[in-house]
């Protein structure tokens with residue numbers, strides 16, 4: 001007695017059936033333009049105004065300096081590579097001439 005069992009048939013419209021919905025996966029490739037900076041965080045940096053003697057002192061002692069705008073940091077990068085801090089510039093332009101008898105026109 002050998003009986004063959006009928007194969008189950010997929011219902012029409014079932015996911016694996018011949019009339020079922022077909023799914024496709026599309027991959028979108030996107031490239032992001034990352035601006036190149038000399039060092040991490042350079043895009044946030046400004047050149048700040050600090051008294052020259054404080055810069056020299058910081059170079060010797062490693063102590064942080066305070067800019068006119070209030071930023072406190074240890075100088076270590078060439079300030080010529082960065083734009084001038086607008087707050088420092090505004091404060092500097094509002095300062096009066098030195099009263100110690102010296103002038104910058106040596």
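Values for this structure:
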| quantity | calculated |
| --- | --- |
| Residue check for residue 63: exposed (fewer than 13 other Cβ atoms within 10 Å of the Cβ), modelled with pLDDT of 65 or more and part of a loop (DSSP other than H, G, I, E, B) | yes |
| Selection count, the range 66-80, where residues are farther than 23 Å from residue 95 by Cα and either surrounded by fewer than 13 Cβ atoms within 10 Å (Cβ to Cβ) or touching a residue at least 60 places away in the same chain (Cβ under 8 Å) (or both) | 3 |
| Lone unmet requirement of (1) at pLDDT 90 or above; (2) within 21 Å of the chain's Cα centre (by Cα) for residue 33 | (1) |
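Residues checked against (1) out of contact with any strand residue (DSSP E or B) (no Cβ under 6 Å at 6 or more places or on another chain); (2) farther than 17 Å from residue 54 by Cα; (3) modelled with pLDDT under 80:
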{"position": "70", "(1), (2), (3)": "yes, no, no"}
{"position": "74", "(1), (2), (3)": "yes, no, no"}
{"position": "80", "(1), (2), (3)": "yes, yes, no"}
{"position": "91", "(1), (2), (3)": "yes, yes, no"}
{"position": "95", "(1), (2), (3)": "yes, yes, no"}
{"position": "100", "(1), (2), (3)": "yes, yes, yes"}
{"position": "106", "(1), (2), (3)": "yes, yes, yes"}
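The values are calculated or read from the model by the stated rules, or taken from the named source; none is laboratory data. For clarity, every value in this text was computed on a predicted model and none was experimentally measured. Counting neighbours? That spans all protein chains shown, and the Cβs are built from the backbone with ideal geometry, glycine included.
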